[in-house]
Amino acid sequence: MEKFVKINFLGAAGVVTGSKFLIETSEKNILIDCGMFQGLKALRELNWEDLPIDVSSIDVVVLTHGHLDHVGYLPRLLKQGFKGKIKGTAPTLAIAEIILKDSAKIHEEEANKANKEKYTKHSPALPFYTIKDAENTIKQFEVELEDKWVQLSEHIAFRFQYNGHIIGATFIELDINEKRFVFSGDIGRKNDYLLSDPKKPEWADVLFIESTYGNKLHPVENIEDVLTEIILETIHKKGNLIIPSFAVERLQTLMFILWKLYQKNRIPNIPIFVDSPMGNNVLDVFKRFPKWHKLSSEDYTAMCNHVNIIQSYKETWETIDDKRSKIIIAGSGMVTGGRVLTYLKQLIDEPSTTVLLVGYQAEGTRGRQLQEGAHEIRFFGKYYPVKATIKNIESLSAHADQKDLLDWVSDIKNVPEHVYLIHGEPASLDAFRVKLKAVYNWNATIPKLTDVSKVLV
Ligand SMILES: [Zn+2]
């Protein structure tokens, strides 16, 4: 085969979201991840542009995990002519299915709402993709096992390796000729409540490593202590604790910790409402794939029975009207959409309300605005004053921090020929580049969007 591999950085280059890396070889063209850009408007607008490549020449998509910023662009890829298989582990594809359908539903609803209330500049506003588009995408899914090599052509094979982070998540080892390409995906953390520790690569000629927290260490805080204090305060204020949560993993982790705190008698039996249709579907994935997490089936059942799972929008309004002090966990995690908007619209102007942010808040999201102390916040074209107390637990992050990232590469026996730092904001990327040089004497590159690199194999 030809000696050069061409790498196209189509997303998560200089930014966190939109992961897409096209690897062009003389045998196969492989797209690693196919994520949507999220956050700043300028980034989100990029989603609407066709990719600057010949999409119909892509043979296969291989997914590290099911998060929106890794799979959310797939239906648009099909629209641009992609006809191949989309490969992932079984739970990754199950999560991707949930995420794509939910995302499509939100796009349809937003387009309808914008058209009805006429706050759109486009007439009519079109959904980014429809539920039908998502369903067509899912038809191209193909499950592959973890830790098993999959031969794509004579000189190309890949395998998925367990990576913590969320259920089903992996890093990818892709062997082309004699060279090993390693795509970190999103790296999870050790000692997670629900997931095992990530595996680590042992060899990488070309390494693509995420740098979300490349410049940060997660604070050493006792999550259970912090959460207990916030809950007791909420009860004291006779208020509501609203936790905007990612439906995948974070929500299940929160359910598990809250159940544990109650069991240990650290918090009273305060009602807990889980309002996330998507979260319910993810719970089902936990049930279907018991080998991919640490929860026993007894714990799983007890944890589910401890909370009120909201099924309909009518119940959402009943919960808002419920005068008791309570905990509400609702999507989305960065307050960009979902049921949490309904609660915040009604309750964010009350001083007795506490909003607890529990994960990474991307630039340009309402979550980031709240985190940075915004005095007002906009939902669907209207401003609401922020009177609620805003709190933040960073240590519940599903992402490795700088120390974890350095540890994740520590088993690599060779000096990689190329190290690409991806999936980070500029400050994180640069800090991690400097750190990798200091600790391992590796020279890393920070690619920009649409950069193209050639690598000898
Ligand atoms: Zn992720």
Residue match in the stretch 96-119 (condition: acidic (Asp, Glu), surrounded by fewer than 22 Cβ atoms within 10 Å (Cβ to Cβ) and under 26 Å from Lys28 (Cβ atoms)): yes
Residue that is in contact with a helix residue (DSSP H, G or I) (Cβ under 6 Å, 6 or more places away or on another chain), open to solvent by less than 10 Å² (accessible area, probe 1.4 Å) and either aliphatic (A, V, I, L, M) or assigned to a loop (DSSP other than H, G, I, E, B) (or both), where the choices are Leu421, Leu370, Leu429: Leu421
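Just checking, does the stretch 370-392 include any residue being aliphatic (A, V, I, L, M), within 16 Å of the ligand (Cβ to nearest atom) and under 22 Å from the mean Cα position of the chain (by Cα)? Full working, then the answer.
Going through the stretch 370-392, the residues aliphatic (A, V, I, L, M) turn out to be 370, 374, 377, 386, 388, 390.
With the extra rule that they be within 16 Å of the ligand (Cβ to nearest atom), the set shrinks to none.
Among the residues of the stretch 370-392, not one is aliphatic (A, V, I, L, M), within 16 Å of the ligand (Cβ to nearest atom) and under 22 Å from the mean Cα position of the chain (by Cα), which makes the answer no.
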Single match in Ser410, Ser325, Ser352 (criterion: in the same structural domain as Glu45 (by TED's automatic domain parsing), at pLDDT 95 or above and small (Gly, Ala, Ser)): Ser410
Flag for Lys101 being part of a helix (DSSP H, G or I) and touching an Asp or Glu at 6+ places or on another chain (Cβ under 8 Å): yes
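Checking the condition in contact with a Ser or Thr (Cβ under 8 Å, 6 or more places away or on another chain) and either closer than 26 Å to His236 by Cα or touching a residue at least 60 places away in the same chain (Cβ under 8 Å) (or both), which residue from Ile327, Ile272, Ile309 passes? Talk me through it step by step, then tell me what you get.
Numbers: Ile272 fails: in contact with a Ser or Thr (Cβ under 8 Å, 6 or more places away or on another chain); Ile309 fails: in contact with a Ser or Thr (Cβ under 8 Å, 6 or more places away or on another chain).
Checking each option against the conditions leaves just Ile327.
Here is a yes/no grid of residues against (1) touching a strand residue (DSSP E or B) at 6+ places or on another chain (Cβ under 7 Å); (2) more than 14 Å from the ligand (Cβ to nearest atom); (3) among the hydrophobic types (A, V, I, L, M, F, W, C):
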site: Asp50; (1), (2), (3): no, yes, no
site: Val62; (1), (2), (3): yes, yes, yes
site: Asp69; (1), (2), (3): no, no, no
site: Gly81; (1), (2), (3): no, yes, no
Subset tally (residues that are touching a helix residue (DSSP H, G or I) at 6+ places or on another chain (Cβ under 7 Å), open to solvent by 10 Å² or more (accessible area, probe 1.4 Å) and polar (S, T, N, Q)) for the stretch 183-227: 1
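Between Glu233, Glu202, Glu210, which is touching a His at 6+ places or on another chain (Cβ under 6 Å) and of a type outside the set (Val, Ile, Thr)?
Details: Glu233 fails: touching a His at 6+ places or on another chain (Cβ under 6 Å); Glu202 fails: touching a His at 6+ places or on another chain (Cβ under 6 Å).
Only one candidate passes the filter, namely Glu210.
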Qualifying positions in the stretch 393-406 - open to solvent by less than 50 Å² (accessible area, probe 1.4 Å) and either within 16 Å of the ligand (Cβ to nearest atom) or assigned to a helix (DSSP H, G or I) (or both): Leu396, Ser397, Ala398, His399, Ala400, Asp401, Gln402, Asp404, Leu405, Leu406
Members of the stretch 328-349 that are at pLDDT 95 or above and small (Gly, Ala, Ser): Ala330
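Looking at the stretch 133-142, is at least one residue β-branched (Val, Ile, Thr) and in contact (Cβ under 8 Å) with a residue 60 or more places away in the chain?
Start the filter on the stretch 133-142 by keeping residues that are β-branched (Val, Ile, Thr), which leaves 137-138.
From what's left, in contact (Cβ under 8 Å) with a residue 60 or more places away in the chain: 137.
Yes: the stretch 133-142 contains one or more residues that are β-branched (Val, Ile, Thr) and in contact (Cβ under 8 Å) with a residue 60 or more places away in the chain.
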Selection from the stretch 286-333 of residues that are part of a helix (DSSP H, G or I), of a type outside the set (Phe, Trp, Tyr) and farther than 30 Å from Asp147 by Cα: Ala302, Met303, Cys304, Asn305, His306, Lys314, Glu315, Thr316, Glu318, Thr319, Ile320, Asp321
Selection within the stretch 247-273 - open to solvent by 50 Å² or more (accessible area, probe 1.4 Å) and closer than 25 Å to Pro351 by Cα: Arg266, Pro268, Asn269
Subset of the stretch 172-189 [more than 12 Å from the ligand (Cβ to nearest atom) and either within 15 Å of Leu63 (Cβ to Cβ) or in contact with a strand residue (DSSP E or B) (Cβ under 9 Å, 6 or more places away or on another chain) (or both)]: Ile172, Glu173, Leu174, Asp175, Ile176, Asn177, Lys179, Arg180, Phe181, Val182, Phe183
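Given the options Val71, Val143, name the one that is in the same structural domain as Val16 (by TED's automatic domain parsing), open to solvent by 60 Å² or more (accessible area, probe 1.4 Å) and among the aliphatic types (A, V, I, L, M). Steps first, answer last, please.
Values: Val71 fails: open to solvent by 60 Å² or more (accessible area, probe 1.4 Å).
Among Val71, Val143, only Val143 is in the same structural domain as Val16 (by TED's automatic domain parsing), open to solvent by 60 Å² or more (accessible area, probe 1.4 Å) and among the aliphatic types (A, V, I, L, M).
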Condition met for Leu436 (without any contact (Cβ under 8 Å) to a residue 60 or more places away in the chain and crowded, with 20+ Cβ neighbours inside 10 Å): yes
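The values are calculated or read from the model by the stated rules, or taken from the named source; none is laboratory data. In this text, all values refer to a predicted model and were calculated from it rather than measured experimentally. Don't worry about glycine lacking a Cβ; one is built from the backbone with ideal geometry, like all the others, and counts go over all protein chains shown. Only protein heavy atoms, including side chains, enter the accessible area calculation; ligands, DNA and RNA are left aside. Shrake-Rupley method; radii C 1.70, N 1.55, O 1.52, S 1.80 Å.
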